[in-house]
Every structure is written in C-alpha cells, then in structure tokens.
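The values are calculated or read from the model by the stated rules, or taken from the named source; none is laboratory data. What you see is a predicted model; the values in this text were computed from it and never measured. We place every Cβ from the backbone using ideal geometry, glycine too, and count neighbours over all the protein chains shown.
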Amino acid sequence: MNYVGTRGFAGDKTFAGALLDGLAPDGGLYVPAEWPTPGFDLAGDYGTLTENLLTLFGVDVLGTDAVKAAAARTKAAFLNDGKVPLTQLADNLWMLELWHGPTLAFKDMAMQMMAPLTDAALKQRNETLTLVTATSGDTGAAAVRAFAGSERVRLVVFHPLGRVSPVQRLQMTTVQADNVMNVGVEGDFDDCQAIVKALLGDAGLKQNGLISSVNSINWGRLLGQVPYYLAAAAASGADTPDFVVPTGNFGDAFAGWVARRIGGNVGPLHAAVNQNDALNQAINEGRYIRRQAVESASVSMDVQAPSNFERLVFEASGRNAATTKALFDTFGATGAVTLSPDLQSALKAEVTASTVSEEETAQAIAHAWKAYGQVICPHTAVSLSAALKRGSDRPQIVLSTAHAAKFPDFVTRALGFAPKVPDAIQALYGLPEKIVELKNDRTAALDLVKGFSA
Ligand SMILES: *Cc1c(COP(=O)(O)O)cnc(C)c1O
C-alpha cells in the first residue's frame, strides 16, 4: 500500500513516509494510492480490528510490534471498562462516547496511536523529528500527552492565546517534558494553522528533514479514527446507521468516510458544524469562502478552512488531482471559490451538512439532560442538535467528542448546574504552567522552532 498526493504527487511513498512528511510534496494531502478491500471481519474485537486495519493500510512497514503497540494504545483510549462506549438515547438514536482517553476528548484515539508509530518510523531511520501542530484546544492536549517524553520527537504546539478552555490549556501547559513546547499565538485558530503551514513549507527546516505535523492533515492520525465507526455500528445492531459528526477540520468525518469506503457497515455521513460554517456553505451552496473564524461554544470546531475538505474534494471529483489542485490553489490565493455544479452534487452524495447555532447548541445540552439524563459537551450538542433536526427515520449514531467538564462555563449556563469534574482534570489546577507567548508573526514562529530544534 503506497500513498499519493491530492494534487498530483504520484511517487511511491510508504505509510512511514506519509506519516513523517505530513503534507505531500505537491502541497496537497496524502491519500492511499487505491482503496483496499479488507479480507477480515470489520465487526470483531477492537484491538484485532485495529491491527488488521493498520496492516491493510501498510502500517506493517514499521513492523508488527509497532502495529500491535499502536493498536493497544488506541484501544485503551477508546474502550470504557472494556466495552464499546455506545449508549442508546431513543429509538433510532445512539451516542458514541469518544472521550475515555487521557485528555477526555476523541483526539486521544488518533494521537495515542500516532506516537508509537512515529517513534517506530524514526527509529527505523535513526532520525529525530520536530512535530508542529496548530490546535484549537483538544489536538494540542492530546498530542502533548501522547508525545511527552518521546526520545525522537520534539513537539511544538501553537494554540490561539486565550481562546482555548482553561482545562484544555492546563492539559497542555502542565506537562513539563523537555521535548514539548506550548506556544500561545495572539490570533485565532486559522492564524495558528497558517503558521504551521508556513513552517511546514520552509525549505530550510524541510531540507534538514526536521519538520512534520500531527494535525489532521496527517494520514497517520486519520487511521486511528476509522475503527470506532465500525465498532459503533456493530454495537448498535443497526443496518448501515447514519453517523452525525461534529466537524471542524473534517478529519473525524473523513475517517468515517474511509470506514464506509472500505465496505464497513456505515451509512450516510452528516457533518454538523457551528457558526463557522464554510464547509456547510460549500456543500449546500457551492461556494467555499474563507472568513475570519469566530469564537463558539464548540471551540474545537472554530475552523473556517477545514483541511480535510481537500481529501473529500479529491474523492468526490473522481480522484481528479488537477481539479483538486486548481480549486485549492484558487482558494489559497483568493479565499473564495465557486464549485462546479457537478462537483457540488458529487460532494453532497458523499456527505451532507448542516449548521447549528449557539442557541441550538445550548438547547441540545439542556435537552440531553432532560430527555436522556446525559451531560454533554458543546461539540456533542452540535451533533445531537443536527441529528434531532434531521428526524428519526433512519438509525443515527451521534459522536460525542469530549467530556462536558472540559467546557464548564457554557455547559453550566445551559444546564443550570456544573458538570461533574473528573479527578484527572481537578488535579491539574494549581500545577506550574509552561507556555511561550507569540505575536501572530510567521518569522518569529520560525525562529522559535529553529531554536527549539537546534
Ligand atoms: C477536534 C474536535 C472536533 C472536530 O473534529 P475534526 O476532525 O477537526 O472535524 C470535534 N469535537 C471535539 C471535542 C474536538 O476536539
């Protein structure tokens, strides 16, 4: 299994190459050269399923020990008391809790898997690497926890200063490992993402083989999110259930797309976005426009240029790299593109989308408590609200992506009482924090990363 780029790169990259590069040499994203057909049970034990999936996608170039270690870590982050954390809320409605890992958010699944794979790939090449990532909160926390103490990886995390929740910040900044640096940028998440893109494109850093990303542009991360779609569908007992996915960078939703593409028991996908709804406008109105991101209750979804939309465009266009390149070149240069009617309807056939307002988010939190006795986070509320609006004609699985206590202010206002704080979060308050503050300035960011990697 080799990997190609969405903008025309057709070299023979292995999984290890795609993992360590992050971005493809054509400036696009890596995708498998072709979609493989699994010859194994897609509904079996989570650890075995994950090992088989990793092998199917060529991760075994890193050796079977690395595959087993990665599967074990992601399984530990997923299961709750040894069980698939799926709860039936009503007829035709289930919720999958993806926050039983170390930072209480779904990004743990991908990151817990990615850390041992990255270490294995670097060991194989006898190299070290600086990983940079932009985070709206949860990615950074999950990455810091997963990579802290790694001998071959230095990790630099850029977050929008003051725009992540206190718990998200503490989960990053209270880690004292020498190989981790937290940077608070005076800007929004898209500014952080632009800094990371600039760093990844820097010829000097790249030439030294120094730099890569753990953002969801990285194929290695997406793979960690495929198995839970299959496990949830199996546990629900439903035939091709719809999945309603709270969406920011479209990484989680694209993993669901992969689960369906390889023949899993996965029905239509619905991307639920907050008021930062560039993705919804692209799919429903055919215009993809970059706007300034605004702060929402579901802060980890405050994304206006969702990076994995490129993978979806590539697939919906029939894997047409020229179309994909033209679209994203124009988007990069002007911040606005009109999709052809053909492309728009092809996109709609793959994924539907809707926008959920802040008020609807609060209402869904209140409803989840009243109707189902569940305390949910704002991201989960966005997907629940979208699912309820869609109706109950088909079985739907709502993804619950974080523990409510990570976002206490909004949840408390919506519920009238504070979510219970798990011990793991309580223990972070008062610990010393490690953070570097930075102006929204790419040159300064470059100097910082060069200094840290030296
Ligand atoms: C990152 C995140 C999302 C959005 O996931 P994408 O893969 O970026 O679409 C949703 N909910 C939570 C809690 C997150 O941390």
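Couple of notes before you dig in:
- Looking only at residues in region 110-141 that are of a type outside the set (S, T, N, Q) and assigned to a strand (DSSP E or B), the one that is surrounded by the fewest Cβ atoms within 10 Å (Cβ to Cβ) is LEU129.
- Listed by position, the helices (runs of 4 or more DSSP H) enclosed by region 203-255 that each have at least 2 residues that are more than 19 Å from LEU54 (Cα to Cα) are 203-207, 226-236.
- Selection of region 390-428 for residues being over 18 Å from GLU358 (Cα atoms), more than 16 Å from the ligand (Cβ to nearest atom) and part of a loop (DSSP other than H, G, I, E, B) yields GLY391, SER392, ASP393, ARG394, PRO395, PHE417, ALA418, LYS420, VAL421, ALA427, LEU428.
- Each residue in region 142-178 was checked for being over 19 Å from HIS100 (Cα atoms) and buried (at least 20 other Cβ atoms within 10 Å of the Cβ), and 13 pass.
- For beta carbons closer than 8 Å, sequence separation of 6+ or different chains, a first residue in region 91-115 that is over 17 Å from MET172 (Cα atoms) and free of Cβ contacts under 8 Å to residues at least 40 places away in the same chain and a second that is of a type in the set (Ser, Thr, Tyr) and surrounded by 24 or more Cβ atoms within 10 Å (Cβ to Cβ), there are no qualifying pairs.
- Where a residue in region 295-307 is over 18 Å from ALA353 (Cα atoms) and touching a residue at least 40 places away in the same chain (Cβ under 8 Å) and its partner, wherever it lies, is among the aromatic types (Phe, Trp, Tyr) and more than 7 Å from the ligand (Cβ to nearest atom), with Cβ under 7 Å and at least six apart: ALA297/PHE407; ALA297/PHE410
- Meets criteria (without any contact (Cβ under 8 Å) to a residue 40 or more places away in the chain and either of a type in the set (Lys, Arg) or within 14 Å of the ligand (Cβ to nearest atom) (or both)) for ALA141: yes
- Region 1-28, residues that are charged (D, E, K, R) and either in a strand (DSSP E or B) or in contact with a His (Cβ under 9 Å, 6 or more places away or on another chain) (or both): LYS13
- Within the option set VAL67, VAL31, being part of a strand (DSSP E or B) and at pLDDT 95 or above holds for one residue only, VAL31.
- When the strands (runs of 3 or more DSSP E) confined to region 268-377 are screened for residues that are within 13 Å of the ligand (Cβ to nearest atom) and out of contact with any Leu (no Cβ under 7 Å at 6 or more places or on another chain), those reaching at least 2 such residues are found at 269-273.
- Filter result for ALA253 (aliphatic (A, V, I, L, M), in contact (Cβ under 8 Å) with a residue 12 or more places away in the chain and within 16 Å of the ligand (Cβ to nearest atom)): yes
- Condition check for LEU49: over 27 Å from LEU327 (Cα atoms) and in a loop (DSSP other than H, G, I, E, B): no
- Boolean, PHE158 is touching a helix residue (DSSP H, G or I) at 6+ places or on another chain (Cβ under 6 Å), modelled with pLDDT of 90 or more and within 17 Å of ASP108 (Cα to Cα): no
- Against the conditions (1) assigned to a helix (DSSP H, G or I); (2) within 19 Å of the chain's Cα centre (by Cα), LEU170 satisfies every one except (2).
- Checked against the criterion of being surrounded by fewer than 19 Cβ atoms within 10 Å (Cβ to Cβ) and out of contact with any His (no Cβ under 7 Å at 6 or more places or on another chain), region 305-316 has no qualifying residue.
- Some residue of region 227-238 being within 14 Å of the ligand (Cβ to nearest atom), aliphatic (A, V, I, L, M) and touching a residue at least 12 places away in the same chain (Cβ under 8 Å): no
- The condition of being farther than 16 Å from LEU399 by Cβ and not charged (D, E, K, R) holds for only one of ALA77, ALA120, ALA105, ALA110, that being ALA120.
- GLY187, sole failed condition from (1) over 29 Å from ASP441 (Cα atoms); (2) not in a helix (DSSP H, G or I): (1)
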